[in-house]
Amino acid sequence: MQTIASRKVVTIDYQLSENNSAEMLEEGTLDYLHGFNNLLPALERFLDGKAEGFSGSIKIAAKDAFGDADPALVFRIPKDSIEGVDRIRPGMLIELESAEQILPAMVKSIGDDHVVADANHPYAGKDLLFTVTVKAIRNATAEELAHGHAHGKHGHHH
Ligand code: ZN
């Protein structure tokens, strides 16, 4: 029987919620290449050595997941500097452009003359609870190893 190790492509069903909350953040099926930093390190360590059919849950504290929310990444932007501001609503993802980079940010609130947008990772500051079932394990192809990620239905698409 195959067990999860580096250079294996693993298919998992996963459910992600905030720890201590019944609210689901995300769920789905994923093909990933183990041992290539494609998952959170704590989640990869948890799955290491597990066999097909394994099912279990792991809590990952915010500091081991996406870190704490950084107040410096919450921006107050003058409305007159935003193109198409009339179409913007709370919860929308917008792109903040600076000289160096483009930063995706979530619109938090809209005031009379400004918009508050948060560029932190949506899961920053959240303690996470992953429930994972291992559906399949196979050897990675040479191409997958060269790319550092899994291909296929639930993997990376080019
Ligand atoms: Zn690829």
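Throughout, read-outs are computed from the coordinates displayed, never taken from laboratory work. A quick note: this is a predicted structure, and the numbers were derived from the prediction, not measured. All Cβ positions, glycine included, derive from the backbone under ideal geometry; neighbour counts span all protein chains shown.
The table that follows gives values for the structure above.
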item: Amide proton proximity set for Leu25, modelled H, under 5 Å, gap of 5+; result: Leu16, Ser17, Glu18
item: Calculated from backbone phi, Karplus (6.51, -1.76, 1.60) coupling profile of region 131-138 in Hz, x at Gly/Pro; result: 10, 10, 10, 7, 8, 7, 9, 9
item: Interchain or long-range residues, amide H under 5 Å from His114's placed H; result: Lys79
item: Long-range HN-HN contacts of Leu96 with modeled amide H, under 5 Å; result: Leu103, Ala105
item: Lysine pairs meeting the criterion (Cα under 18 Å, 8 or more apart or interchain), as found in region 1-144; result: 8
item: Positive minus negative residues near Lys135 (Lys, Arg vs Asp, Glu; Cβ under 10 Å); result: -3
item: Helix-derived mean residue ellipticity, 222 nm - over the chain, DSSP H n ≥ 4, -39500 (n - 2.57), to 500; result: -2000 deg cm²/dmol
item: Inter-probe distance in nm under a simple model that places probes 7 Å from Cα toward Cβ, at Arg87 and Asn19; result: 4.0 nm
item: Of Gly148, Gly84, Gly53, the one that fluctuates the most in a GNM where the chain has Cα springs shorter than 10 Å; result: Gly84
item: ³J(HN,Hα) computed for each position of region 142-151 - Karplus, 6.51 cos²θ - 1.76 cosθ + 1.60, integer Hz, glycine/proline x; result: 4, 5, 4, 5, 5, 7, x, 8, 7, 9
item: Summed residue charge, Cβ within 12 Å of His158's Cβ, Lys/Arg positive, Asp/Glu negative; result: -2
item: Residue-count net charge about Phe66 - beta-carbon cut-off 12 Å; Lys, Arg +1, Asp, Glu -1; result: -3
item: GluC sites (Glu not before Pro), loop per DSSP, at most 11 other Cβ atoms within 10 Å - longest free stretch of the chain; result: 24-82
item: Difference of contour (0.36 nm per residue) and Cα-Cα distance, Leu103 to Glu27; result: 24.9 nm
item: Using θ = phi - 60° and Karplus 6.51 cos²θ - 1.76 cosθ + 1.60, couplings along region 113-123 (whole Hz; Gly, Pro as x); result: 10, 8, 10, 9, 10, 10, 9, 5, 4, x, 9
item: Cβ-based charge dipole, region 71-118, positive-most Cα from Ile110, Pro78, Ala99; result: Ile110
